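**Q** Attaching a single structure in structure tokens format; questions to follow.
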Amino acid sequence: MTPLVAGSFVMLALLACLAVGTPIAFALGFVSVMTLLVVEGWDSISILGETFFGGLASFGLVSIPMFILMGAAVASSPAGKDLYEALDRWLNRVPGGLVLSNIGACSIFAALSGSSPATCAAIGKMGIPEMTKRGYPNEIATGSIAAGGTLGILIPPSITMIVYGIATETSIGRLFMAGLLPGAMLTGLFMAWTVYSCHRRGIGLDQLGKRFTMAERFAALPRVVPFLLIIVGILYVLYGGVATPSEAAGVGALFCIILVVVIYRIWSFKPLYAVFRNTLKESVMILMIIGASELFSFTLSSLFITQSIAEWIGSLDISRWVLMAIINVFLLIAGFFLPPVAVILMTAPILLPIILQAGFDPYWFAVVLTINMEIGLITPPVGLNLYVINGIAPEIPLREVLRGSVPYVLCMIVGIILLCLMPGIATWLPTWLMGPAI
């Protein structure tokens, strides 16, 4: 049996496990163990534990639970409400200003939490009822929040960027810098479409006459600015070489907890217990996927499947941009069915040698891959953000949430095209701040 045929059977088995509802980590582990037993025999059992825990034996992984803790602390507080109110007071004079406020709040909250579902939940709980109350259509109210929440995996600090950096052995600080301008670009595209759509349909124009004094506009900022300074501080110590990602994440998480306790006076044990419980659950889930994906990658490599796929793609007599188009379609389809962390861990080690051989920048590719994963978050059948929004606003049918998300999917596709035409959007900032990549 050739490696490519064996790989086809392995992938079919994995898809079958996922189709019956098996958690991703257990599906990866089960398929890996059974494949090694069939091919290598019982002797392979002795290396399974070492391989699994070897995937977790990286100090850089400490940053993942720390950034999750940072996001959980912010999500448990009224920080999202303050962000939303502050932006609403500054943007109310723009057509569709309330929607813009929600998208802006999503982008900032995404940087604080690094999690798309947390962003959707925190901003959507306040933004969706307020938009529907003011006459915004359901699809705009829900679609804008679902799309804005996807920015959580692109705007730094991003957990998916950390996972990519560990999987490909690339600089996490440089990855964060590479995602900054593309994240701002996507936010701008989302806002531009929102202004055009609302102006064309005459939505939200009745709010243009409402005025806020400068005192009212600045009222919420003192509670928001400290959290923004934490983001700036994390980025500074990372690209300045002052601290490692794990150290920056630990200090950032500590400061976020202190700010939440002091600013919002959360003194009781119960809400803090919920923060640590949610952090533990999400961290264990991600780390289990990382360990199982290491086992899965070892299985593919042992059967020479990874090498054969890379060799086959590399032998295709096509231009590098056609190759990139094929990879984008592949990532897009994978994102329809799997969460971003799983896709990155399963595909990045295979695709990176191909990307490098074709002459593409690995940090630029990380941004393109992440945007593809963002699309998967608001498209069925998985579409995690769609279900989060539907859970927040169950009275709004899922089809309306999906219909409202479609224009933002097109914005992301435009973003990928712009990155292909102008790769400097992703590579200029890290090169300027940190020098050329070695």
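The values are calculated or read from the model by the stated rules, or taken from the named source; none is laboratory data. The shown structure was predicted, so the numbers you read here are calculated from the model rather than taken from an experiment. Here the Cβ positions follow ideal geometry from the backbone for every residue, glycine too, while neighbour counts run over all protein chains shown.
**Q** Looking at segment 405-438 only, could you name the residues that are of a type in the set (A, V, I, L, M) and not in a helix (DSSP H, G or I)?
**A** Answer for segment 405-438, where residues must be of a type in the set (A, V, I, L, M) and not in a helix (DSSP H, G or I): 422, 437, 438.
**Q** What about residue 379, is it touching a helix residue (DSSP H, G or I) at 6+ places or on another chain (Cβ under 7 Å), without any contact (Cβ under 8 Å) to a residue 40 or more places away in the chain and not hydrophobic (A, V, I, L, M, F, W, C)?
**A** no
**Q** In the list 291, 314, 359, which residue meets the criterion of being modelled with pLDDT of 85 or more and touching a helix residue (DSSP H, G or I) at 6+ places or on another chain (Cβ under 7 Å)?
**A** Going through 291, 314, 359 in turn, the sole match is 359.
**Q** Go through segment 190-215 and count every residue that is at pLDDT below 70 and in a helix (DSSP H, G or I).
**A** So the answer is 4.
**Q** When the residues of segment 236-287 are narrowed to those that are part of a helix (DSSP H, G or I) and of a type in the set (Phe, Trp, Tyr), which ends up farthest from the chain's Cα centre (by Cα)? Outline the logic, then answer.
**A** Residues of segment 236-287 that are part of a helix (DSSP H, G or I), as a first pass: 236-239, 245-263, 269-287.
The next check asks that each one be of a type in the set (Phe, Trp, Tyr); those that pass are 236, 239, 255, 269, 273, 276.
Working: 236: 21, 239: 20, 255: 23, 269: 30, 273: 25, 276: 21 Å.
The qualifying residue farthest from the chain's Cα centre (by Cα) is 269.
**Q** Follow-up. Could you list all residues from segment 21-52 that are modelled with pLDDT of 80 or more and either closer than 15 Å to residue 300 by Cβ or of a type in the set (Phe, Trp, Tyr) (or both)?
**A** 26, 27, 28, 29, 30, 31, 32, 33, 34, 35, 36, 38, listed by residue number.
**Q** Going by what's in this entry, would residue 157 be described as farther than 17 Å from residue 340 by Cα and touching a residue at least 24 places away in the same chain (Cβ under 8 Å)?
**A** The answer is no for residue 157.
**Q** Here is a check on your reading of the model: is residue 132 over 20 Å from residue 355 (Cα atoms) and surrounded by 20 or more Cβ atoms within 10 Å (Cβ to Cβ)?
**A** So residue 132 fails the test.
**Q** Listed residues 404, 391, 415; which is at pLDDT below 85, more than 27 Å from residue 9 (Cβ to Cβ), out of contact with any strand residue (DSSP E or B) (no Cβ under 8 Å at 6 or more places or on another chain) and not hydrophobic (A, V, I, L, M, F, W, C)?
**A** The match here is 391.
**Q** Keeping to segment 233-288, report how many residues are surrounded by fewer than 16 Cβ atoms within 10 Å (Cβ to Cβ), closer than 15 Å to residue 63 by Cα and β-branched (Val, Ile, Thr).
**A** Residues in segment 233-288 being surrounded by fewer than 16 Cβ atoms within 10 Å (Cβ to Cβ), closer than 15 Å to residue 63 by Cα and β-branched (Val, Ile, Thr): 1 in total.
**Q** Continuing with this model, one more query. For residue 241, all conditions in the list (1) on the phi < 0 side of the Ramachandran plot; (2) modelled with pLDDT under 75 hold save one; what is the number of the exception?
**A** All conditions are met except number (1).
**Q** Out of everything in segment 53-96 that is more than 24 Å from the chain's Cα centre (by Cα) and in a helix (DSSP H, G or I), what residue ends up being modelled with the highest pLDDT?
**A** Result: 53.
**Q** Only one of (1) out of contact with any helix residue (DSSP H, G or I) (no Cβ under 7 Å at 6 or more places or on another chain); (2) at pLDDT 70 or above; (3) surrounded by 13 or more Cβ atoms within 10 Å (Cβ to Cβ); (4) under 19 Å from residue 7 (Cα atoms) fails for residue 325. Which number is that?
**A** If we test residue 325 against (1) out of contact with any helix residue (DSSP H, G or I) (no Cβ under 7 Å at 6 or more places or on another chain); (2) at pLDDT 70 or above; (3) surrounded by 13 or more Cβ atoms within 10 Å (Cβ to Cβ); (4) under 19 Å from residue 7 (Cα atoms), just (4) comes out false.
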